[in-house]
1. Cβ contacts < 6 Å: first residue within 15 Å of P209 (Cα to Cα) and assigned by TED's automatic domain parsing to the domain that holds V219, restricted to the range 261-279; second residue part of a loop (DSSP other than H, G, I, E, B) and modelled with pLDDT of 95 or more, any location; separation 6+ or different chain. Result?
2. Taking I213 and the conditions (1) among the β-branched types (V, I, T); (2) closer than 18 Å to M173 by Cβ; (3) touching a Pro at 6+ places or on another chain (Cβ under 8 Å), which numbered condition does it fall short on, given that it satisfies the others?
3. For the range 294-308, how many residues meet the condition of being surrounded by fewer than 16 Cβ atoms within 10 Å (Cβ to Cβ) and modelled with pLDDT under 95?
4. Answer with yes or no whether I77 is touching a strand residue (DSSP E or B) at 6+ places or on another chain (Cβ under 9 Å), buried (at least 17 other Cβ atoms within 10 Å of the Cβ) and within 25 Å of A36 (Cβ to Cβ).
5. Looking at the structure I just gave you, is R275 within 25 Å of A68 (Cα to Cα) and either assigned to a loop (DSSP other than H, G, I, E, B) or of a type outside the set (F, W, Y) (or both)?
6. Could you tell me whether F102 is in contact with a Gly (Cβ under 7 Å, 6 or more places away or on another chain) and either closer than 30 Å to P215 by Cα or modelled with pLDDT under 95 (or both)?
7. Is it true that some residue in the range 188-202 is closer than 18 Å to H255 by Cα, under 16 Å from the mean Cα position of the chain (by Cα) and at pLDDT 95 or above?
8. How many of the residues making up the range 278-289 are part of a helix (DSSP H, G or I) and over 22 Å from A221 (Cβ atoms)?
Amino acid sequence: MQEPTPHSVSAAPLVLAIGQFDGVHRGHQAVFQAAAEAAAPDGIAGCLTFTPHVAELLNPGHAPLLLATPNQNRGLILSSGIQQIHALPFTHELAAMGPEDFLSLLKLEFPTLVEVVVGENFTFGKDRAGNQKTLPTLARSLGLRARIVPHIEWEGQTISSTRTRTAVQAGDMPMAAAMLGRLFSLTGPVVRGRAVGRTLGFPTANIQPDLPIRPAPGVYAARLHLEDGIHPGAAFVPNPADSAQTHFGSVVEIHIPGLDRDLYHQEVEISFTLRLRGHMPFPTPEAAAAQIALDTAEALKANERSNG
C-alpha cells in the first residue's frame, strides 16, 4: 500500500464517524449526530466510509443490493450534520490489517483526528477483531477518544441496512420509511417505453433505476421528484420472473395525473409510499384502463395520507 496522503488540511480537530452507511438509515443518522455533537463548536465532523462495499470484496457472491447510490448516500450524509466525507478504498491489504494497524493508518491519514464515532455493531481489522469492547482501549493508546453509539430500534428490533433492505424487497414501504426516516427512493434516467400506458389514456414516465434493488413487484403509491417539485402518482414495478412481464425490462413506470411533458433522458427520483396491489392480468385494454384509474385514485389518496 502506498503511503497515504493526509486529507485534513484544516488544523481544526477532526471527529470521524466510521462505517459503511448504506442507505443512511436512522441508526446511521444517530452516529452522524453524535459525531457532530462531539465536534462542536470548533471541530470538524467527518465521515469515513469504504468503497467498494466491504462485502463486495470479502464475499462477492453474497454482497447485498445497495439501498442508495453513492450520490444519494453523499447527499444524505451531508444533510445529517457531517461536513466532510472520505471514501477509503477497501482492499485485501486493508482487510488483512489488524485493528491496531487500521487505527494507526487513520491517525496517519488524518493528522488532526481526535475522536472516532461508530455504531454498536461496528467491527474492524482482520477477522473483525476490533469491536466496541476493544476500540476504546486501542484508540486511547493512540491518543484518540472513541464513542460507541447505541443501536436505534424500531418495533423492538435493531434498525439495520439488512432489515431495511428486506422491507423494501417485500414491498413494505411504511416499514422501510420508518427505519430510513424518509421514503425509500430510486434514481435514474427516464427512458423510452412501449407507450402502452399512453394508448390507454395513462401516459407514464419509464425510469431505469441506477441500482438493481426493487420493491416487490406490483402497483404503488409513489412520487416523482422533478426540478419543479414533487408529483404524486401511481407506479408499477414489473416482476422479472414473470414471463408475461419481461417486455417491461427493469424499468419502473409511474403515471402522474396531469403531467404530460417530455422527460426523456432526465435524471429523476421516484419514492415509494405504499404498495397497493400485486400484478393482475386483464382480459381487455378497457379492463386495464379501468383498473389503472382506480389505482391512480387510490395512489393519490395514499400519498395524501402520507403527507398528513
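The values are calculated or read from the model by the stated rules, or taken from the named source; none is laboratory data. Keep in mind it's a predicted model, so treat the numbers as computed, not measured. Every residue, glycine among them, receives a Cβ derived from its backbone with ideal geometry; neighbour counts consider all protein chains shown.
1. Pairs that qualify, where the first residue is within 15 Å of P209 (Cα to Cα) and assigned by TED's automatic domain parsing to the domain that holds V219 and the partner is part of a loop (DSSP other than H, G, I, E, B) and modelled with pLDDT of 95 or more, are S271/L183; F272/P215.
2. Here I213 meets the rest and fails (3).
3. Residues flagged as surrounded by fewer than 16 Cβ atoms within 10 Å (Cβ to Cβ) and modelled with pLDDT under 95 within the range 294-308 amount to 4.
4. Criteria met by I77.
5. yes
6. Working: in contact with a Gly (Cβ under 7 Å, 6 or more places away or on another chain): yes; either closer than 30 Å to P215 by Cα or modelled with pLDDT under 95 (or both): no.
No.
7. Start the filter on the range 188-202 by keeping residues that are closer than 18 Å to H255 by Cα, which leaves 188-202.
Applying the additional criterion that residues be under 16 Å from the mean Cα position of the chain (by Cα) yields 188.
In the following step, the residues that additionally are at pLDDT 95 or above were identified as 188.
Taking every residue of the range 188-202 in turn, at least one turns out to be closer than 18 Å to H255 by Cα, under 16 Å from the mean Cα position of the chain (by Cα) and at pLDDT 95 or above.
8. 2
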